[in-house]
Amino acid sequence: MSFIEISHLKKSFGPNTVVHDFNLSIEKGEFISFLGPSGCGKTTILRMIAGFETASSGSIRVGGAEMTNLPPAKRNVGMVFQAYALFPNLTVAGNIGFGLKIAGKDKGEIDARVAEMLELIKLPELGDRYPYQLSGGQQQRVALARALAIKPQVLLLDEPLSALDAKIRVSLREEIRSLQRELGITTVFVTHDQEEALSISDRIVVMNQGHADQIGTPSEIYNNPATRFVASFVGTLNLLEARVVDPATGRVSIDGQPVVTKRDMSAFGIADEAIVALRPEALILGAGDDDRNTLTGTVEEVAFLGAVIRVRVRLREARVSLDIFNDPTLDLPKIGMAASVSFKKEDLLIIASH
Amino acid sequence: MKSNRLGHWLAILIGTLYFLVPLAATFEFSLRKVRGIYSFEAYRVVLADPQFQASFSFSVALAVVTIVFGMAIIVPMAYFVELRLRKLRPFIEFVTLLPLVVPAIVIVFGYLRLYNSSSLLPLTNSSLGTNFLLICGYVTLALPYMYRSIETGLRSIDVRTLTEAAESLGASSGTIIWRIILPNIRSAMLSGAFLTFAIVIGEFTFASLLNRPAFGPYLQLIGANRAYEPAALAVMAFMITWACMGIIQVVSRNTAAARH
Amino acid sequence: MVSNASPASLPRPRVPWAVVGVTPFMIFAVLFLILPTLFLVVGAFQDVSGSFTLANLGKLWTPTILSSYWISIKVSVASAVMGAVIGAFIAYAAVSGGLPRWIRPTVMTFSGVASQFAGVPLAFAFLATLGRQGLVTIFLSFLGLNIYAQGFNLLSFWGLTLTYLYFQIPLMVLIVSPAIEGIKKEWREAATILGASNWQYWRHIAGPVLLPSFLGATLLLFANAFGAIATAYALTGSSLNIVTILLYAQIRGDVLHDQNLGYAIAFGMIVITGLSNLCYILLRVRSERWLK
């Protein structure tokens, strides 16, 4: 049995059901991300694990113990909020030690634990400061320390990085991940940022309208999106309409141009509509050999993004975007130029259209 | 949680009772003038009283002049302080809060000593001068409220950018204030104006000590000599306050709606 | 605008519009706010011939004057503290009490009206409510409770305090609501998940965070009541010896037969309201620092 077992969890607010029959097992020490747009139910599930929302039905078990109806104060869970939520009237040390003080620990023990936590978040000098004297990144690290100080069995992170500047966001997420590994704490992380989820997680739950569309490792999610929603939400993807020519040999036509896929097409019949997907980085400019598919069209736009250059090619009706690595010696394609793009047969993803 | 909410309802209920019971009582009392039946006799008597009409219209005129005069000196000040003279802000904050610190009766006491008949500027010698003094007093009373609402209005629009944009199109300072700034803070000015009206209309201390025949001293006089008419007057005063506050609500809500 | 025939090499001087715009207000503030106040403050330290003395302030220590200050302070403290407590409860219930959404704007609107309903009409309203013939008095006597026989009198300390509460409570609601809005719901959640009970949350977090705003607002209510006169005068005539009524009588007829003593009384009032406003500002700075 897994460390956290969420089974048949459901949550309704009045007539609106925001979480439908949600099931998930989380192993001890695992880092799980809930990824999805706002309103998809990811935060609601997190808040049900914390105990701030009561489930309409279903159950949550942690370490074999039933948690579903336990008040938040009794769950021994740590939580970090989006807007830091540090107590403004307490110092950094007061904030970190709050949970221990409430638990009635003696002062020496609290001080020792606070010092240890300050060391852990690399702010050993700032114990006497007040939250308003700290930067956003520092505040969020203190909030992390406060959540961890009580040695919770689960750590819940509710979009903890989204209020921060882009650079701090990246460095803090790396810090969170290494801290989590070091402590081996089971962590649930909620985010709407796919890059964040991909970079930090053991597994990702992609949420869509109260359902888990797909649960898998970052590479499974990225390389084999189960639904059109997952495909479009994770990464920049070319989604194209295609017509199945021969499911047995994997022949399909995109915008009237014949291509072949190595993916399993057995679910389709001849002349069925299908949605296919191509990642920008899987495409290269220029015609390919027999192992590759080639599409032709005209260059419509060239955008310089720094490390990569994104080129948009118009086929007949459809458009595809592709990324080429920046290289100063490169001859950039010109707008209006005729162009071919090619890709490996296994890179053509078939998305079950529903 | 549920029992908590009961307590909250209770707090609201107590507040509502404290608000409504005196109003209901006053209204009931005002109807008792004719023994044995309820009638609007007290209202009729009050409204027919020439002194009521005179003092009330005098106070309305005072309020209007106070609003115009107050706006005329406060709006340009607030605009230029926001635009160019930010250094002055602490001083302005202090001055505009002063009327909340120095009680009205102390200010009018100062006026009487500073501008009496034997002083350098004997404003109290003529009724025109005294009226002017009274208006100045009312402007000081209204100053914290007028300044606050205008300042809020100016802050909610980007005064600097608007001014620079207008200047780059060749507008003069006067044009900018009149054509750009004023229309944009109209609702803030209206709020300040109606609040001022509510404060000035029944004001007692200044008018009484400066001996002007305003509505406040008239109210006090009736209160000392009649039984039921004061209640009728209180109901009417309350309705005026309500009207002013209601207009402020409507004005600010319309602005908020327009901004969205 | 007449431009002087200045040498062509010099640019035409620009009209300093900002200064022109600010000047009328400055003149007004000096003439009608600062000078009158200063005049009294200086006068409080002068004798009849104009030389410096502390005698005027010394004369404040007479039983009549001291007791008038004392009654004023009592009424102001009682109405401020009661108004603050009741007003804070109402504000909390309206802002974060989980009540239907229409409650809050409604409470704010009614508070705006009630906080401005002061002065002479308020006295009339309470005479009609709790006076000898007032509706509530009569209603209570139907229930067998004759409040006047029990020693209640509207023209007294308690009567005035109850009357002042009519504007003090809504004023508190208006002043303290922003601070209550500043209380983030995540603080409660963070405290709860760290194991705190509702009481511990209030004791360690919400209480300390709100305290400066609450005390500051109480001080503002105090100053508000302390300087008021119209309601008291219309309610009690000159039967209740509060300091504003004493000063009023002094201005009207020099009842103390000593003009400079009047200045001293005014000065004493400025000191009291000034101190409480100063503390209010200091407390507000503190709470805004936290809540920003």
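The values are calculated or read from the model by the stated rules, or taken from the named source; none is laboratory data. This one's a predicted model, so the numbers in the text were calculated from it and none came from an experiment. For neighbour counting, all protein chains shown are included, and Cβ atoms are generated from backbone atoms with ideal geometry for every residue, glycine included. The protein model used for the area step is the full one, side chains on, heavy atoms only, and it has no ligands, DNA or RNA in it. Shrake-Rupley method; radii C 1.70, N 1.55, O 1.52, S 1.80 Å.
Karplus-based coupling profile of the range B:87-99, in residue order and whole Hz: 4, 6, 4, x, 5, 4, 4, 4, 4, 6, 8, 3, x, with θ = phi - 60° in 6.51 cos²θ - 1.76 cosθ + 1.60 and x standing for Gly or Pro.
Would you mind giving the total buried accessible surface between chains A and C, with a 1.4 Å probe and ligands, DNA and RNA left out, rounded to the nearest 100 Å²? Please report the intermediate quantities before stating the final value.
On the way: alone 16920 and 17550 Å², together 32390 Å².
The buried area between A and C, both sides summed, comes to about 2100 Å².
Apolar share of the accessible surface for the range A:4-232: 48 percent from carbon plus sulfur atoms, 1.4 Å probe.
Our analysis of the protein assembly as shown gives Rg over Rh at 1.09, with the two radii drawn from alpha carbon positions and Rh computed by the Kirkwood formula.
Ignoring ligands, DNA and RNA, what accessible area per residue does the range C:10-79 give at 1.4 Å, in Å²?
For the range C:10-79, the per-residue accessible area is 55 Å².
Solvent-accessible surface, computed for protein heavy atoms with a probe of 1.4 Å, shrinks by 40 Å² or more for the following residues of the range B:103-145 when the other protein chains are added to the isolated chain: B:Pro103, B:Ile105, B:Val106, B:Phe109, B:Arg113, B:Leu114, B:Tyr115.
Taking every protein chain into account, the accessible area of the range A:238-351 amounts to 53 square angstrom per residue (probe 1.4 Å). Of C:Leu140, C:Leu210, C:Leu220, the residue with the greatest mean-square motion in the GNM of chain C, using alpha carbon springs below 10 Å, is C:Leu140.
Principal-axis analysis of the Cα atoms of chain A puts helix A:136-149 at an angle of about 60° to the longest axis.
Contact-buried residues of the range B:204-223, at a threshold of 10 Å² lost accessible area versus the chain by itself: B:Phe204, B:Thr205, B:Ser208, B:Leu209, B:Asn211, B:Leu219, B:Gln220, B:Gly223 (1.4 Å probe; DNA, RNA and ligands ignored). Largest GNM mean-square fluctuation across B:Phe197, B:Phe69, B:Phe91, computed for chain B with C-alpha springs under 10 Å, falls on B:Phe91.
Using the heavy atoms of the protein chains and a 1.4 angstrom probe, tell me the accessible area per residue for the range C:176-228 in square angstrom.
36
Axis angle, to the nearest 10 degrees, between helix B:50-83 and the longest C-alpha principal axis of chain B: 20 degrees. Between amide H atoms placed 1.01 Å from N, distances below 5 Å from A:Phe189 occur with A:Ile32, A:Ser33, A:Phe34, A:Leu157, all of them 5 or more places distant or on a separate chain. Scanning chain C for long hydrophobic helices, with DSSP H runs required to stretch 24 angstrom or more by C-alpha along their axis and to average at least -0.5 on the Kyte-Doolittle scale, returns C:63-96, C:157-181, C:207-226, C:259-291. The largest accessible area among A:Asp202, A:Asp165 belongs to the first residue in A:Asp165, A:Asp202, and the rest follow in falling order (1.4 Å probe, all chains). Loop-located GluC sites (Glu not before Pro) in the range A:1-80 (DSSP state other than H, G, I, E, B) with a sparse environment of at most 15 neighbouring Cβ atoms within 10 Å: A:Glu27.
Using a 1.4 Å probe on the protein chains only, how many percent of the accessible area of chain C belongs to carbon and sulfur?
That fraction is 68 percent.
Put simply, chains C and B cover up around 6600 Å² of each other's accessible surface, both sides summed, when a 1.4 Å probe is used.
Can you send over the carbon and sulfur percentage of the accessible area for the range B:49-259, probe radius 1.4 Å, protein chains only? It is 64 percent, rounded to a whole number. Across B:Ala207, B:Ala231, B:Ala24, mean-square fluctuation computed from a Gaussian network of chain B (C-alpha pairs under 10 Å connected) peaks at B:Ala24.
As an exercise, identify the trypsin sites (Lys or Arg not before Pro) in the range A:296-343 lying in DSSP coil whose Cβ has no more than 15 other Cβ atoms within 10 Å. Let's see the in-between values first.
Details: sites: A:Arg310, A:Arg312, A:Arg314, A:Arg316, A:Arg319, A:Lys334; in loops: A:Arg316, A:Lys334.
Here the sparse-neighbourhood loop sites are A:Arg316, A:Lys334.
In this view, the solvent-accessible surface of C:His204, computed with a 1.4 Å probe and all protein chains in place, comes to about 40 Å². Using only Cα atoms and rounding to the nearest 10 degrees, what angle (0 to 90) does helix A:107-120 make with the longest principal axis of chain A? Tilt relative to chain A: about 20 degrees.
Report for the protein assembly as shown the percent antiparallel among DSSP-assigned beta bridges with both residues inside it, nearest 5.
Values: 60 of 78 bridges.
That works out to approximately 75 percent antiparallel.
Panel note: contact residues of the range B:1-44 (accessible area lowered by at least 40 Å² against the chain on its own; 1.4 Å probe) correspond to B:Arg5, B:His8, B:Trp9, B:Ala11, B:Ile12, B:Tyr18, B:Phe19, B:Pro22, B:Ala25, B:Phe29, B:Arg32.
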